[in-house]
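Only one structure is covered here, and it is reproduced in the block below.
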Amino acid sequence: MPRTASSDPAATPGSAPVADTGNPRRWAIMAVLGAVAFMAQLDFFIVNVALDGIGKSFAGSSEALVSWVLSAYAIIFAAVLVPAGRLADSYGRKRVLLAGVGVFTAASAVASFAPALSVLIAARAVQAVGAAMIVPTSLGLLYPSFPKRQHTLVVGIWAGVAGIAASAGPPVGGLLVTVDWRWIFLINLPIGIATIVAGALVLPEVRQAAGARLPDPVSAIALLFGVSLLVLATVEGPGWGWGSDRTTGLFAAAAVLAVITLQRTLRAPSPVIEKDLFRSRQFTAATIALLLYFTGFSIFLLGGALFMQNAWHFSALHAGAGIAPAPVVSVGFALSTGPIQARYGRTLPALTGTTAMAVAAAYWLIMIGGTPAYWTAMFPGLVIMGISGGLSQAPMFAAAGTLAPDRATTGSAVLNMTRQIGSALGVALLVALTATSGGTAGFKHAWAVQAGAGAAAAASLLLLRPRTSRD
């Protein structure tokens, strides 16, 4: 029977050996957690190339309505991450993770057989709840399962899996769409069922010590609705108009809720986001850098596939396959994360990776034109983006490891929330820029934003790097 571990190593007899030597089944635990994290992350990006097929399946559906298949997932996922992470710390990370896999799998089944677009959108919203229960909790379960000396390695693998899932979304989606778009949801069913069974057998239970306070409900609700309104306004702003009453009203309401969340963070006894998290310079830098990095990364990921389809007239399958070099290269660097960070620390690889994203965008700005030239114009930038993802994401997510063990899940949730907000912002900017400029011009404007986001992420990592000589 799996042992229950407290967040405080001294709180339960026998918990110290777990911290020193790790769980004897730690690599089986890594396999299960990697599989569920991959599934949850993949579904955010895999749908991008399927929107056209989905729209054709539901006759009479407008493009704006079909886009909610993406938007519903993005909004709910970003909003639920932190409350779900805090509840997992209180009620048990294993319990919340397995429940999240169950919710995600059941919603995938509904999505795959959806008879109407409204049902598909609702299923995607429920999927996002399950994904938000999975992603931060999976990292929160990794830390107590491995000895501290291996934390850099396993977080690197975990973050590498997340990066690969994001990059693999378009090629996997492009392949499945050639059969039927419903397969992008059906594929989750065997994975979900298998990981529920395996997780029940091998995952340990980890929770806060008995008597720990539940998150402050006011801060949890304010954060939940604040993030929801912020992402909704960002996603819908290009269609509604950035100066429209609806858009400005949502941004204003999100700002008010952000002030409430901040006030509760500073004064409430147990806020949903504790101010102590940001006493770590690495965590603060990673939070800012992830927001900026994924603003640019989502422009690359969606923009690359759309450019090849819309400007170069590639099929969905060819566009998806065209993106594939980035995740392939990313895998190699992600698997080398441990040795790289052991030699150079966390800041230098992340700094190199974020800078590489700016370099890739600058290359496309110079080289890409209206005439298809994949191998000379697109491919080198994709290789650089693979290096970027493989180097930068692992050390930024590993910043959760600088926190106290009982805050790893909440820290991971905060990092993932900023990533999702950045992704939503990047998609919104891409849509707005390509809508106002035809042909390649709009994409070039978007790549300029990508370059700026990469440079700004690198600057935040540099300015907030730890004061010690080694990180």
Subset of region 326-338 (residues that are touching a residue at least 60 places away in the same chain (Cβ under 8 Å) and either surrounded by fewer than 20 Cβ atoms within 10 Å (Cβ to Cβ) or outside any helix (DSSP H, G or I) (or both)) = VAL331, LEU335, GLY338
Go through (1) part of a helix (DSSP H, G or I); (2) more than 30 Å from SER315 (Cα to Cα); (3) at pLDDT below 75 one by one and return the number of the condition ALA212 breaks.
-> (1)
So, of the residues in region 357-381 that are in contact (Cβ under 8 Å) with a residue 24 or more places away in the chain and either crowded, with 24+ Cβ neighbours inside 10 Å or of a type in the set (Val, Ile, Thr) (or both), which turns out to be farthest from ALA334 (Cα to Cα)?
-> ILE368
From (1) at positive phi; (2) under 19 Å from the mean Cα position of the chain (by Cα), pick out the condition that doesn't hold for GLY345.
-> (2)
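One line per residue, one yes/no per condition, for (1) modelled with pLDDT of 85 or more; (2) surrounded by fewer than 23 Cβ atoms within 10 Å (Cβ to Cβ); (3) part of a helix (DSSP H, G or I):
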{"site": "ASP52", "(1), (2), (3)": "no, yes, yes"}
{"site": "SER61", "(1), (2), (3)": "no, yes, no"}
{"site": "ALA88", "(1), (2), (3)": "yes, no, yes"}
{"site": "VAL103", "(1), (2), (3)": "yes, yes, yes"}
{"site": "ALA106", "(1), (2), (3)": "yes, yes, yes"}
{"site": "VAL119", "(1), (2), (3)": "yes, yes, yes"}
{"site": "TRP158", "(1), (2), (3)": "no, no, yes"}
{"site": "ILE164", "(1), (2), (3)": "no, no, yes"}
Restricting attention to region 436-454, and to residues there that are in contact with a Ser or Thr (Cβ under 7 Å, 6 or more places away or on another chain) and either farther than 16 Å from ILE368 by Cα or touching a residue at least 12 places away in the same chain (Cβ under 8 Å) (or both), which single residue is surrounded by the fewest Cβ atoms within 10 Å (Cβ to Cβ)?
-> HIS445
Of (1) of a type outside the set (A, V, I, L, M); (2) surrounded by fewer than 22 Cβ atoms within 10 Å (Cβ to Cβ); (3) modelled with pLDDT under 90; (4) within 23 Å of the chain's Cα centre (by Cα), TRP240 satisfies every one except (4)
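Residue by residue, here is whether (1) within 29 Å of GLY442 (Cβ to Cβ); (2) over 11 Å from the mean Cα position of the chain (by Cα); (3) acidic (Asp, Glu) holds:
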residue: MET378; (1), (2), (3): yes, yes, no
residue: LEU382; (1), (2), (3): yes, yes, no
residue: ILE387; (1), (2), (3): yes, yes, no
residue: ALA394; (1), (2), (3): no, yes, no
residue: ALA399; (1), (2), (3): no, yes, no
residue: THR418; (1), (2), (3): yes, no, no
Pairs returned, first residue in region 101-126 that is touching a residue at least 24 places away in the same chain (Cβ under 8 Å) and of a type in the set (Phe, Trp, Tyr), second residue that is surrounded by fewer than 21 Cβ atoms within 10 Å (Cβ to Cβ) and part of a helix (DSSP H, G or I), beta-carbon separation under 9 angstrom, 6 or more apart or interchain, are PHE104/VAL126; PHE104/VAL129; PHE113/VAL119; PHE113/LEU186
So which residues in region 372-428 are small (Gly, Ala, Ser) and closer than 11 Å to PHE294 by Cβ, if there are any at all?
-> GLY389, SER392, GLY422, SER423, ALA424, GLY426
Filter pass, ALA289 being over 24 Å from THR352 (Cα atoms) and part of a helix (DSSP H, G or I) = no
Of (1) under 19 Å from the mean Cα position of the chain (by Cα); (2) more than 24 Å from PRO170 (Cα to Cα); (3) in contact (Cβ under 8 Å) with a residue 60 or more places away in the chain, ILE75 fails just (2)
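The values are calculated or read from the model by the stated rules, or taken from the named source; none is laboratory data. Keep in mind that this is a model prediction, so the values were computed, not measured. Heads up, the Cβs are rebuilt from the backbone with ideal geometry, glycines too, and the neighbour counts pull from every protein chain shown.
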